[in-house]
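What follows is one structure encoded as structure tokens, with my remarks underneath.
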Amino acid sequence: MKLKPAQSEVAPGHGGVAAHGARHVAIIMDGNGRWAKKRHMPRVFGHQRGVEAVRRTVRAAREMGLEALTLYAFSTENWRRPEDEIGALMSLLKRFIVDDLDEFAANNVRLKIIGDHSAFAPDVVELIDKALARTRDNDGTTLAIALNYGAQDEIARAAAKAAARGPVTVESIAAELDTADMPPLDLLIRTSGEVRLSNFLLWQAAYAEMCFLDVLWPDFTPDHLAQALADFAQRERRFGGR
Ligand code: FPP
């Protein structure tokens, strides 16, 4: 039996699922460093161009009717990177929020963070918290940015909360995940040609479709997203059934 959601052209915020059938797409944005290296530029240059790819992808996700887009921006393991690269990523994140918040607000985008951003510097935390508060009631596309995020950490935190409330079940853990208020994950995309999940959305990926693209993140365009969604629309999802 094919388990495709009902199809319509209605955009999110209006109660429908777009024609490609996907509600929630997540992306492992990989390859910034290699993109810069190919140009004999510092890694930070790749991250800067990576932010441009983030910007056009968020716009495209909205226009393509996705209810949710989750982007892996900073993992629990990324603290192992050199201090100057971490500092540059934080600066880019801050500038992205400052520059794009009005656009989110104007376009009914709800910003969400998965992971524990409270570990970041106080000015970053304050900026993020204000952006979360400003967009909290938007019901168009949810843009979830994974910050200081690791799926194993997320599952451990969720299991502990579930245990404190009562019996630990699949449902009680799922209800405590950082993504609990988001639609189920439909499609997980990774750029750069690497084929692994790198501790991203391990629980949510249980029945997600996977798309590994041989394109470095700064080169990712709305056409890549459209193609991934077109491929997704062709896939037969069985969810373990027949
Ligand atoms: C992976 O490339 C990318 C990251 C670890 C960070 C992703 C960050 C951005 C796209 C910019 C900031 C994000 C936002 C939301 C403003 P890599 O450095 O591991 O590349 P490599 O594998 O080629 O070295």
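The values are calculated or read from the model by the stated rules, or taken from the named source; none is laboratory data. Everything quoted here is computed from the prediction, not taken from an experiment. Heads up, the Cβs are rebuilt from the backbone with ideal geometry, glycines too, and the neighbour counts pull from every protein chain shown. Quick note on the areas: whole protein, heavy atoms, side chains included, nothing else; ligands and nucleic acids left out. Shrake-Rupley method; radii C 1.70, N 1.55, O 1.52, S 1.80 Å.
Return the inverse of the average 1/r over all pairs of distinct C-alpha atoms in the stretch 19-81, which is the Kirkwood hydrodynamic radius, in Å to one decimal.
With all distinct Cα pairs of the stretch 19-81 included, I get 13.1 Å.
Over all Cα pairs of the stretch 99-242, how is the pair count split among 5 Å bins, expressed in % and running from 0 up to the last occupied bin?
That works out to 2, 8, 14, 16, 20, 20, 13, 5, 2, 0, 0, in percent per bin.
Just add up the charged neighbours of PRO183: K/R +1, D/E -1, any other residue whose Cβ is under 11 Å from the Cβ of PRO183.
-2
Provide, in order from the shortest bin, the percent of all Cα-Cα pairs of the chain in each 5 Å bin, continuing until the bin that contains the maximum pair distance.
1, 6, 13, 18, 20, 18, 13, 7, 3, 1, 0, 0
Would you mind telling me the share, in percent, of accessible area of the stretch 121-242 contributed by carbon and sulfur at probe 1.4 angstrom?
Of the solvent-accessible surface of the stretch 121-242, carbon and sulfur hold 53 percent.
Find the percent of Cα-Cα distances in the stretch 186-242 that exceed 13 Å, and round it to a whole number.
63
Mind jotting down the three principal axis lengths of the stretch 48-93 based on Cα atoms? Whole angstrom, largest first.
Here the spans come out as 38, 20, 11 Å, largest first.
From the backbone phi of the stretch 196-201, what are the Karplus-calculated ³J(HN,Hα) couplings (6.51 cos²θ - 1.76 cosθ + 1.60, θ = phi - 60°) in whole Hz, Gly and Pro given as x?
Residue by residue, the stretch 196-201 yields 7, 9, 6, 6, 10, 6 Hz.
In the stretch 124-223, what trypsin sites (Lys or Arg not before Pro) fall in a loop by DSSP, with at most 13 other Cβ atoms inside 10 Å?
Details: sites: LYS130, ARG134, ARG136, ARG157, LYS161, ARG165, ARG190, ARG196; in loops: ARG136, ARG196.
When the trypsin sites (Lys or Arg not before Pro) of the stretch 124-223 are filtered for loop state and at most 13 Cβ neighbours within 10 Å, ARG136, ARG196 remain.
List, largest first, the extents of the alpha carbons of the stretch 118-187 along their principal axes, each in whole Å.
On the principal axes, the stretch 118-187 reaches 37, 29, 23 Å in Cα extent.
Would you mind getting the accessible area per residue of the chain, heavy atoms of the protein chains only, 1.4 Å probe, in Å²?
49
Debye calculation, C-alpha points only, no solvent: report log10 I(q)/I(0) for the stretch 45-155 at q = 0.09, 0.13, 0.15 Å⁻¹, in the same order as the q values.
-0.22, -0.47, -0.63
Please work out how many pairs of lysine residues in the chain are eight or more positions apart (or on different chains) and have Cα atoms closer than 30 angstrom.
8
Is it possible to state the helix-based mean residue ellipticity at 222 nm for the chain, with each DSSP H run of 4+ residues giving -39500 (n - 2.57), the sum divided by total residues, to the nearest 500 deg cm²/dmol? What is it?
Roughly -13000 deg cm²/dmol at 222 nm, from the helical runs in the chain.
Select from the stretch 42-137 those GluC sites (Glu not before Pro) which occupy a DSSP coil region and have at most 15 other Cβ atoms within 10 Å, ordered by residue number.
GLU77
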